[in-house]
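What follows is a short report on a single structure.
The values are calculated or read from the model by the stated rules, or taken from the named source; none is laboratory data. Since the model is a prediction, treat every value here as computed from it, not as a measurement. Methodologically, a virtual Cβ is constructed for each residue, glycine included, from the backbone with ideal geometry; neighbour enumeration extends over all protein chains shown. Remember, those area values only see protein heavy atoms, side chains included, never the ligands or the DNA or RNA. Shrake-Rupley method; radii C 1.70, N 1.55, O 1.52, S 1.80 Å.
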Amino acid sequence: MIELDTLTYLFMALAGVVSLIATYLAVLENDLIRAVIFSALQSTVYAILFYLLMAPDIALVYIPVAVGLYPAVVLFLIKKTERSEGDLGGAGGGSE
Amino acid sequence: MSELNTFLFNILLFSLFFNVGISLYGIFARPSLIKKIIALTIFSDTANVLAIAVGYRGWPSPSQPPIPPVITTTEPSIDDLTWFARQAVDPLPQALVLTAIVIGLAVTLFLVFLTLQVYRLYGTTDVRRVARLRG
Amino acid sequence: MRIKKFLVLSSLIILVLTLSLAFTKGALGHYPLPLPGVRLLASWYLFTTLNPQYPVFTAMSPEAVTAIVWDYRGLDTLFETAVFFLAIVGALALMRGISLKSALNNASNRVGDGGLSLICKTAARLLTPLIIVVSASIALHGHLTPGGGFQGGSAAAVAPLLVLVIFSVYFLLSKGVSEKPMLILRTVGLVGIYLTALAAVLIGLFTGLNAYVFQNQPKPDAPLGLPAQISGALISGSLLFFNVFEYLAVAGGFTLVFILLSIPEEVVKSFIGGETHE
């Protein structure tokens, strides 16, 4: 029978791994809108993590800021500028 | 059983360390200013989660979780307070992270305006193209 | 490309798992994580945050985080607020001279139409007052339950952003939420924070008693202090005022920046182009 504390730590470990995947995909994505969505996924996982780490204050401030305001602001910026990260001189950061 | 708990908590900590590494790579190596902003927010959020994780404490017993640093009564006795101080997690990192998140948003908004101005003046947000321009 | 991404990702995860296993098995010595206790300073904060038996040390607030933010480490937060102020001022300086007033007159017929669908607009009409009410509740109960000025302010800033995205910036302006009222709201909040920080000193000047900047509860050589309770209701001295004013400052500042951010590019271009011609 799995204990309650082990279950909580299991959720924390899962959240850590999911945030690792989301961060990797967000940083290496060429389409900026998809990158913002992956970043929002990572923020959601962090919000769950704050809740599990017994920080209700931080969860309250983190959910509007990182799940609501950050992606909206960056989407505004992308809408006003350019959508893709652009390839110039064989770049694209991680493709070499 | 406690070794399994330590293993799971270690997974969380190492995932956060790797997030720091990946987001630093994004800040330094990716060409787009917008991607740099996204990576910067990931970096600061990860630093905040690490600070909160430092303030976490192990479970007092397998069925009793640590409690948030909030007293649930307005007239606690000394016994209540002693029990509370033995159960609650560290409030100091939470207080520091709380202001850091909001101030981080304000600073990010400033960076967004700078990027917008760069785009208005140069027509691109790619740092390699901005570096090739003259004047 | 997709396979390469998958390979890199799975090797990263395997590396994380291996490192965790190595450290669990004692790569740097054996230690239980997370540590079973907290630091002495943290226990002290937890023990004295609402402890009338130690009137010299207590902050008279059951919420240890708010007590640390605005009492034990109040100066930290004051200068954080200064950084917030400067960041917003920087954003304002980049957009100086650009105003939507003239564009609003040309586009007065654009207020109603545009934006997202009717379903979104109806939902936003219902949700926006709720968001404001919940954020005010978070801020006003900040000294009793999880919450406070920063939390409430950033939650309140979601409401104008929702209106901006779902309707348009002209709709928000036609409702009276424009740059100048938000600037005034933010200034009121910041002035309130500084006045609350100086409240004990100002009272001390008139009564001739000793008092400190950022004083909340009475101290041995400074008998002045803000009341912890008003007719039985716990307000925790200065914490309630700090929370309310920080709420105003954060909500006003963010709303101001969002309005500036959502000004259409052609309006901005007309202003910038006009400057270079002169």
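Things worth noting here:
- The range B:22-46 - residue that is facing chain A (nearest Cβ under 8 Å) and basic (K, R) and, of those, nearest to B:R128 (Cα to Cα): B:R30
- Taken over the range C:130-153, the criterion of being in a helix (DSSP H, G or I) and at the interface with another protein chain (Cβ under 10 Å from one of its Cβ atoms) is satisfied by C:I131, C:S135, C:I138, C:G149, C:F150, C:Q151, C:G152, C:G153.
- In the range C:1-106, counting only helices (runs of 4 or more DSSP H) that sit wholly within it, the ones holding 1 or more residues that are outside the structural domain of C:V268 (by TED's automatic domain parsing) and crowded, with 19+ Cβ neighbours inside 10 Å span C:2-24, C:40-48, C:64-67.
- Residues that are within 8 Å of chain C (Cβ to nearest Cβ), more than 26 Å from the chain's Cα centre (by Cα) and part of a helix (DSSP H, G or I) within the range B:47-83 comprise B:I78, B:L81, B:T82, listed in sequence order.
- The range B:85-96 - residue that is open to solvent by less than 10 Å² (accessible area, probe 1.4 Å) and in a helix (DSSP H, G or I) and, of those, farthest from B:W59 (Cα to Cα): B:A95
- Residue within the range C:80-102 that is more than 27 Å from the chain's Cα centre (by Cα), facing another protein chain (nearest Cβ under 9 Å) and at negative phi present: no
- Just one of the listed residues (A:T6, A:T23) is open to solvent by less than 20 Å² (accessible area, probe 1.4 Å) and over 17 Å from the mean Cα position of the chain (by Cα), namely A:T6.
- Selected residue (criterion: farthest from A:A15 (Cα to Cα)) from residues of the range B:13-33 that are assigned to a helix (DSSP H, G or I) and small (G, A, S): B:A29
- Lone unmet requirement of (1) crowded, with 23+ Cβ neighbours inside 10 Å; (2) free of Cβ contacts under 8 Å to residues at least 12 places away in the same chain for B:R120: (1)
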